[in-house]
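Novice: Pasting a structure below so you can have a look.
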Amino acid sequence: MAPLLTMHGIDKRFAGIPALRAAELVVERGEVHALIGQNGAGKSTMIKILTGYYRKDAGEILFDGKPVAFSSPQEAQRAGISTIYQEINLVPYRSVTENICLGREKRRFGLLDWPAMHAEARALLVRFNIDIDVRRPLMVYPTAVQQMVAIARAIGFEAKLVIMDEPTSSLDEREVGVLFGVIRQLKAAGVSVIFVSHKLDELYAVCDRVTIMRDGRTVQAAPMTQLSRLDLVTSMLGRELTQILQESHDANPSEGDGRKPVLTIEHLAVGRKVRDVSFEVRSGEIVGLAGLLGAGRTESVRAVFGADKPESGTITFDGRENAIAAPSDAIQAGMGFCSEDRKHDGIIPDMSVRENLTLALMPHLARRGIVDESRSCDIVDRFIKRLGIRCSGPEQRICELSGGNQQKVLLARWLCMNPRLLILDEPTRGIDVGAKAEILSLIRELAGQGLGVLMISSELEEVVEAASRIFVLRDGHTAAELRGDAVNEQSVMAAIAHGHESAREAAHG
């Protein structure tokens, strides 16, 4: 029997720059197929061409035995292709039911059949062990639930092919297990799944075959059982992983060399999630904030940056106590903040790389209301080269860049301000192995030049690798401060579970 999907010889250029070059993708019927590669390798472009978001420049697409060239995602959806994007693409003010049934509403006697739609929404969510009031607005539920709703919506279309782009990025371990169960149900029902993820363990847990892309080309396609983790990474990067890891370890983090703290937080309380948090960051030091989702990490740093108002406690930055009342105060004082959600709180999608990069710097580039274009271009060109941002040029729209390159633009936005403190909330979320190593190496380099870095990451290995000290948060409290030999995954996990004494025992036991 012919494959469900064949994409052959696919070419695509943006502003004359090739994004895909004779790329190939074959997905069999009833299989879970991994699509992997570094950010910028062409994965997202391939998916957007398949689903009608972009038009291909050359090549052929066969779906369910017929040549296709979808003109829109809606047309692809009607043909049996459902896509779940990494950034949740739903309507937050509408109910859960409305989001799940949007575009395929049930009617009775010409009117919307709400009881039938509510029942369908509940039945779909039960597959994910989620029991919620489907009549309430989607926005009242946490991100993980919203992600499950997006997946339920895609499955509800009775698709022949479901594309999942980093579907586990907002899910905890239990929820990931539930999702994998649903993927196996789809496979058993004969539905194919394209699974895009940077987490190698997930690929081996749920995928049958893998297609690896690099620099817009398909470089390998094989059963998962025939490739080791080292094979996968080496093929993605085009060079040995040991070389990448060595580059990221060239600069060792320090504890600030006895310098005074640039930031001190004492007994901070914000809303319901932050009750008593204390930590500090010195110049030239990388400090990690660790803890489970909901421990209060993001809420704490938002208060530091002036985005949320503390109820109690003190925030001392650069010797001034409680002087940050708004993000504009923080920026003026020398603080930068790369937020967790690039799409909603970071990039401005339809603006160019240059406009996004210089957004915070703009007041300093203008004289009497006129922007110094020459100085702006010099700064942008310098940081594109320094951070290795892959784009066709400064005027390319940032939404056309890969996630890793978007993240580099956001880093450049703050670095061009010469900050004293840089707050990074999940700086490598949704970024491939090579780009992670590059960004972590850059962070180390910046700390070596005297920049204080406060870093949040849900990946313990990443926090342990980057930070010289780690403050562990649990239930809105600072549970432990780890330094020296105690900076290891076992100590962090012990502190998350039981607090400071358990962390100390893990470090010495």
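A short reminder: the numbers here are calculations on the coordinates, not readings from a lab. Computed from a predicted model, the values in this text were never measured in an experiment. FYI the Cβ positions are ideal-geometry reconstructions off the backbone, even for glycines, and counts take in every protein chain you see.
Novice: Work out the FRET efficiency for GLN220 and ALA69 from their Cβ-Cβ distance, taking R0 = 35 Å, and round it to the nearest 0.05.
Specialist: 0.85
Novice: With r as the distance between the Cβ atoms of ARG382 and GLN185 and R0 = 45 Å, compute the FRET efficiency 1/(1 + (r/R0)^6) and round to 0.05.
Specialist: That gives a FRET efficiency of 0.30.
Novice: Next question, about the same structure. Could you tell me what a quarter of the Cα convex hull surface of segment 1-154 works out to, in nm² with one decimal place?
Specialist: In nm², the orientation-averaged hull projection of segment 1-154 is 11.5.
Novice: Which percentage, to the nearest 5, of the DSSP beta bridges contained in the chain is antiparallel?
Specialist: About 55 percent, rounded to the nearest 5.
Novice: Which distance in nm do the two modelled labels at MET362 and ALA333 give, with both placed 7 Å along the Cα-to-Cβ direction?
Specialist: 2.4 nm
Novice: Ok, one more. If you fit an axis through the alpha-carbon atoms of helix 173-188 and take the longest principal axis of the Cα set of the chain, what angle between them do you get, 0 to 90°, nearest 10?
Specialist: 10 degrees
Novice: A further question follows. On a 0 to 90° scale, report how tilted helix 489-498 is relative to the longest principal axis of the chain, with both axes built from alpha carbons and the result rounded to the nearest 10.
Specialist: Relative to the chain, helix 489-498 is tipped by roughly 90 degrees.
Novice: While we're on this one: In units of 2.2 N^0.38 Å, what is the alpha-carbon radius of gyration of segment 346-417?
Specialist: Computed over Cα atoms of segment 346-417, the ratio equals 1.01.
Novice: Let me ask something additional. Would you mind telling me the antiparallel percentage of the DSSP bridges in segment 5-239, rounded to 5?
Specialist: For segment 5-239, the DSSP antiparallel bridge percentage is about 60.
Novice: On to the next question. What number, in percent, do you get for the relative contact order of segment 5-239 if the mean sequence gap of Cα pairs under 8 Å and at least 6 apart is divided by its residue count?
Specialist: Taking the mean separation of contacting Cα pairs over the length of segment 5-239, I get 29 percent.
Novice: Here is a follow-up. Full extension from SER392 to ARG21: what is 0.36 nm times the residue separation minus their Cα-Cα distance, to one decimal in nm?
Specialist: Roughly 132.0 nm would be gained on extension.
Novice: In percent, what relative contact order does the chain have, based on Cα pairs under 8 Å that are 6 or more apart in sequence?
Specialist: Contact order relative to length: 16 percent.
Novice: Take the cross-link list LYS43/LYS66; LYS66/LYS187; LYS12/LYS160; LYS48/LYS408 and give me the ones stretching past 28 Å between alpha-carbons.
Specialist: As for pairs spanning more than 28 Å Cα to Cα, there are none.
Novice: Fewest first, what order do ASP485, ASP57 take by the number of other Cβ atoms within 10 Å?
Specialist: Result, fewest neighbours first: ASP485, ASP57.
Novice: Semi-axes of segment 441-488's equivalent ellipsoid from the Cα gyration tensor, sqrt of 5 times each eigenvalue, largest first, rounded to whole Å?
Specialist: The three semi-axes for segment 441-488 are 20, 11, 11 Å.
Novice: Can you compute the helix-only [θ] at 222 nm over the chain? Use -39500 (n - 2.57) per DSSP H run of at least 4 residues, normalise by all residues, nearest 500 deg cm²/dmol.
Specialist: -10500 deg cm²/dmol
Novice: Subtracting the Cα-Cα distance from 0.36 nm times the residue separation, let me have the gained length for VAL126 to TYR204 in nm, one decimal.
Specialist: Difference between extended and current length: 25.5 nm.
Novice: Divide the volume of the convex hull of the Cα atoms of the chain by its number of residues and quote the answer in cubic angstrom per residue.
Specialist: Cα convex hull per residue, to the nearest whole number: 171 Å³.
Novice: Rounded to the nearest 0.05, what FRET efficiency do ARG13 and ASP345 have when you use their Cβ-Cβ distance and R0 = 25 Å?
Specialist: Calculated value: 0.20.
Novice: Mind jotting down the three principal axis lengths of segment 80-134 based on Cα atoms? Whole angstrom, largest first.
Specialist: If we take the Cα atoms of segment 80-134, the spans are 38, 26, 23 Å.
Novice: By how many degrees, between 0 and 90 and to the nearest 10, does the Cα long axis of helix 433-448 differ from the longest principal axis of the chain?
Specialist: The helix 433-448 is inclined about 10 degrees to the chain.
Novice: For SER374 and GLU321 in the same chain, what is the full-extension length gain: residue separation times 0.36 nm, less their Cα-Cα distance, in nm?
Specialist: Gain on stretching SER374 to GLU321: 15.3 nm.
Novice: As a footprinting exposure proxy, order HIS267, HIS33, HIS118 by other Cβ within 10 Å, with the fewest listed first.
Specialist: HIS267, HIS118, HIS33
Novice: Shape of segment 378-461 from its Cα gyration tensor (a ≥ b ≥ c, root eigenvalues): rounded if a/c is under 1.5, otherwise prolate when a/b > b/c, or oblate?
Specialist: Note, shape of segment 378-461 comes out oblate.
Novice: Moving to a separate point now. Based only on other Cβ atoms within 10 Å, what is the fewest-to-most ordering of LEU124, LEU186?
Specialist: LEU186, LEU124
Novice: Here's a follow-up. Enumerate the amide H contacts of THR83 below 5 Å, restricted to partners 5 or more residues apart or on another chain; note that Pro and chain-start residues carry no placed amide H.
Specialist: Under 5 Å from the amide H of THR83: ILE163.
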